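Visitor: Can you keep this structure in mind? I'll have questions shortly.
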Amino acid sequence: MRIFAIIMAGGVGSRFWPRSREKTPKQLLGIFGDDTMIQATVRRINKLVALDDIYIITNELQKEEMQKQLPGVDPQHILTEPFGRNTAACIGLASLYIKQKSDEAVTMVLPADHLIHDEDAFIENLKEAADFACEKKALVTIGISPTRPETGYGYIQVKQQQQLGGNIYPVNSFAEKPNYATAVRFLESGEFYWNSGMFIWQADAILEEIQTYMPELYFGLEKINNAIGTDNCAQTIYDVYVNLKSISIDYGIMEKSKRVYLIKSSFRWSDVGSWEEVFLLSEKDADGNTFVGDVYSDLSMDTYIYSPDKFTAAIGVENLIVINTPDALLICRRDQAQKVKQVVDSLKMQHKTSLL
């Protein structure tokens, strides 16, 4: 069984402004440790998948930096989309290239910006999922056992009574990000798992489901497939993408397909979706603070400060996020960290491109 990986790495990481910018978004930053998030993702999956069988899908703005950070990945395997059209299009495009190598190739689809603890357990989960996907022609997604009534994640409900050996269950339904009361109910039921956005399937299996449930996308992918390897390939991809709708693989395929299964994770995971999540995952001092850089603190508590380039003093503050970069400063309450995306939206409206 030959295994490939598709790493989705084209996002802009707007909730990580001002560190995250269009050319250097979250996945190209070192949020934890020395490796950037894309480097950590490639290193982790390389325990199971050869570098020659890893594909990155990104955009032209990020491609050059991606190549610099990933010298071991074949430059021809760093694919670019002309526009962001959500995960269904990006997965379909990358799957075309993999299918040309092997019709029955098992493919791991992974976001570039997740934090995975217990990497050996992660690899074992992937192996079990790959065996099942190959045997059953199944679409397998990784579900994370919820530890709290989280309202920022989507959920997947499984048929607990139909466990198929190991950690695999048939999927009953998908649920969007719930309100708090619903999240509590999900947690108490024991039937719901966080949707990790990680998938395992054969390349031809996902393309078959795209043909069934997303025929417009499949029609465009067929045009691209016929152009791969020709001088007209880039123009064909552009022409197809201009007319594509932005649809996620969850909404377009996973919520409709009859071949969907979940493997319960046995590792700790975070999608590192905001500065608040970074704070929660970081080591803290006796006052519950995390400081990156030369920071003086007096009577400050439960605060995250990133200021590597200049001395910063914090006196008597609590529950703040402070991100200090050469050209921008973010100060927000920790419970408002999800609203950082609104700053980016505002900058776009004001055409302040130097800050994007």
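The values are calculated or read from the model by the stated rules, or taken from the named source; none is laboratory data. Small disclaimer: the values here were computed from a predicted structure and weren't measured. As a convention, Cβ positions derive from the backbone with ideal geometry for all residues, glycine included, and neighbour counts pool all protein chains shown. For the accessible areas, the whole protein counts, side chains as well, though only heavy atoms, and no ligand, DNA or RNA atoms are used. Shrake-Rupley method; radii C 1.70, N 1.55, O 1.52, S 1.80 Å.
Visitor: May I ask you to give the average projected area over all directions of the convex hull of the Cα atoms of the range 15-71, in nm² rounded to one decimal? Provide the component values of the computation, followed by the final result.
Guide: Working: hull surface 17.0 nm².
The directionally averaged projection comes out at 4.2 nm².
Visitor: DSSP loop (so not H, G, I, E, B), at most 10 other Cβ within 10 Å: list which trypsin sites (Lys or Arg not before Pro) in the range 198-294 pass both filters.
Guide: Details: sites: K223, K245, K256, K258, R259, K264, R268, K284; in loops: K245, K256, K258, R259, R268, K284.
Filter output for the range 198-294: K258.
Visitor: What's the long-distance tail for the chain, i.e. % of Cα pairs beyond 38 Å?
Guide: The answer is 18 percent, as a whole percent.
Visitor: Fully extended, how many nm does the chain gain between K258 and L299 (0.36 nm per residue separation, minus their Cα-Cα distance)? Mind showing how you got there, number by number?
Guide: Numbers: separation 41, 0.36 × 41 = 14.76 nm, distance 5.64 nm.
Contour length minus the Cα-Cα distance gives 9.1 nm.
Visitor: With every protein chain left in place, what is the accessible area of K339 in Å² (1.4 Å probe, nearest 10)?
Guide: Spelled out: K339, probe radius 1.4 Å, area about 110 Å².
Visitor: Using R₀ = 45 Å, calculate the FRET efficiency as 1/(1 + (r/R₀)^6) where r is the Cβ-Cβ separation of N232 and D131; round to 0.05.
Guide: Working: r = 39 Å, r/R0 = 0.87.
The pair N232/D131 has a calculated efficiency of 0.70.
Visitor: Under a 1.4 angstrom probe, counting protein chains only, how are F279, F219 ranked by accessible area, largest first? Can you show the working numbers first?
Guide: Numbers: F279 5, F219 125 Å².
The ordering from most to least exposed comes out as F219, F279.
Visitor: Using 0.36 nm times the number of residues separating R148 and R333, minus their current alpha carbon distance, what extension gain do you get? List each step's numbers first, then the result.
Guide: Details: separation 185, 0.36 × 185 = 66.60 nm, distance 2.12 nm.
Contour length minus the Cα-Cα distance gives 64.5 nm.
Visitor: Taking Cα atoms of the range 121-178, Rg/Rh with Kirkwood Rh, to two decimals? Show your work: numbers first, answer last.
Guide: Working: Rg = 12.5 Å, Rh = 12.7 Å.
Taking Rh as the inverse mean 1/r over Cα pairs, Rg/Rh reads 0.98.
Visitor: What per residue convex hull volume, in Å³, do the alpha-carbon atoms of the range 74-122 yield? The partial results should precede the final answer.
Guide: Details: hull volume 6.3 nm³, N = 49.
Expressed per residue, the convex hull around the Cα atoms of the range 74-122 is 128 Å³.
Visitor: On the accessible surface of the chain, probed at 1.4 Å, how many percent belong to carbon and sulfur atoms? The partial results should precede the final answer.
Guide: Values: 7860 of 16460 Å².
Roughly 48 percent of what the probe reaches on the chain is carbon or sulfur.
Visitor: Then there is this: Using just the C-alpha positions of the range 315-356 as equal point scatterers, what log10 of I(q)/I(0) does the Debye formula give at each q in 0.14, 0.18, 0.29, 0.32 1/Å?
Guide: Relative scattering, expressed as log10 I(q)/I(0), comes to -0.38, -0.59, -1.07, -1.14.
Visitor: Rg to Rh for the range 248-337: what is it, with Cα atoms only and Rh by Kirkwood? Provide the component values of the computation, followed by the final result.
Guide: On the way: Rg = 18.6 Å, Rh = 15.5 Å.
Result: Rg/Rh = 1.20.
Visitor: If you don't mind, there's one more thing I want to ask. Leaving ligands, DNA and RNA out of it, rank F267, F291 by accessible area with a 1.4 Å probe, largest first. Don't skip to the answer; put the middle values down first.
Guide: Details: F267 15, F291 60 Å².
Descending accessible area places them as F291, F267.
Visitor: Same structure, new question: When a/c reaches 1.5 or more, the comparison of a/b and b/c decides; with that in mind, is the range 98-213 rounded, prolate or oblate per its Cα gyration tensor? The partial results should precede the final answer.
Guide: Details: a/c = 1.79, a/b = 1.68, b/c = 1.07.
Prolate, since a/c reaches 1.5 and a/b exceeds b/c.
Visitor: Report the chymotrypsin sites (Phe, Trp or Tyr not before Pro) located in the range 1-96 that are in a DSSP loop and have at most 16 other Cβ atoms inside 10 Å of their Cβ, or state none. Numbers along the way, then the final one.
Guide: On the way: sites: F4, F16, F32, Y55, F83; in loops: F32, F83.
Passing both the DSSP loop test and the Cβ count: F32, F83.
Visitor: Kindly state, to the nearest 0.05, the FRET efficiency for L164 paired with E216, given R0 = 35 Å and r defined as their beta-carbon distance. Walk me through the intermediate numbers first.
Guide: Values: r = 33 Å, r/R0 = 0.94.
In this case the efficiency is close to 0.60.
Visitor: Between D335, D327, D34, where does the largest GNM mean-square fluctuation fall for the chain, given springs only between Cα atoms within less than 10 Å?
Guide: D327
Visitor: Moving on to the next point. Given the range 181-336, what whole percent of its Cα pairs are spread farther than 20 Å?
Guide: On the way: 8300 of 12090 pairs.
Cα-Cα pairs of the range 181-336 separated by over 20 Å account for 69 percent.
Visitor: Also, I was wondering about something else. Rolling a 1.4 Å sphere over the protein heavy atoms, what is the accessible area per residue of the range 61-170, to the nearest Å²?
Guide: Working: 4410 Å² over 110 residues.
Here the residues of the range 61-170 average 40 Å² of exposed surface.
Visitor: What value does the range 153-262 have for Rg/Rh, both radii from Cα atoms and Rh as Kirkwood defines it? All intermediate terms of the calculation are to be shown ahead of the outcome.
Guide: Working: Rg = 17.6 Å, Rh = 16.2 Å.
Rg/Rh: 1.09.
Visitor: Springs between alpha-carbon pairs under 10 angstrom, Gaussian network model over the chain: which of G154, G197, G33 fluctuates most?
Guide: G33
Visitor: Among N319, N59, N125, determine the one that fluctuates most according to a GNM of the chain built with springs between C-alpha atoms less than 10 Å apart.
Guide: The residue that fluctuates most here is N319.
Visitor: Where in the chain are the DSSP H helices whose C-alpha atoms run 20 Å or more along the long axis and whose mean Kyte hydropathy is at least -1.0? Don't skip to the end; give the middle numbers.
Guide: Details: long enough: 86-101 (24 Å, 0.41); 119-136 (25 Å, -0.48).
Those that pass (Cα extent of 20 Å or more, hydropathy at least -1.0) are 86-101, 119-136.
Visitor: Oh, and also: State the volume of the convex hull built on the alpha-carbon positions of the range 1-100, expressed per residue in Å³ and rounded to an integer.
Guide: Details: hull volume 10.1 nm³, N = 100.
Spelled out: Cα convex hull of the range 1-100, divided by residues, is 101 Å³.
Visitor: Just to make sure I understand: if all protein chains stay in place, what is the order of Y251, Y218, Y238, Y304 by accessible area at 1.4 Å, largest first? Don't skip to the answer; put the middle values down first.
Guide: Numbers: Y251 130, Y218 55, Y238 105, Y304 10 Å².
Greatest to least solvent exposure: Y251, Y238, Y218, Y304.
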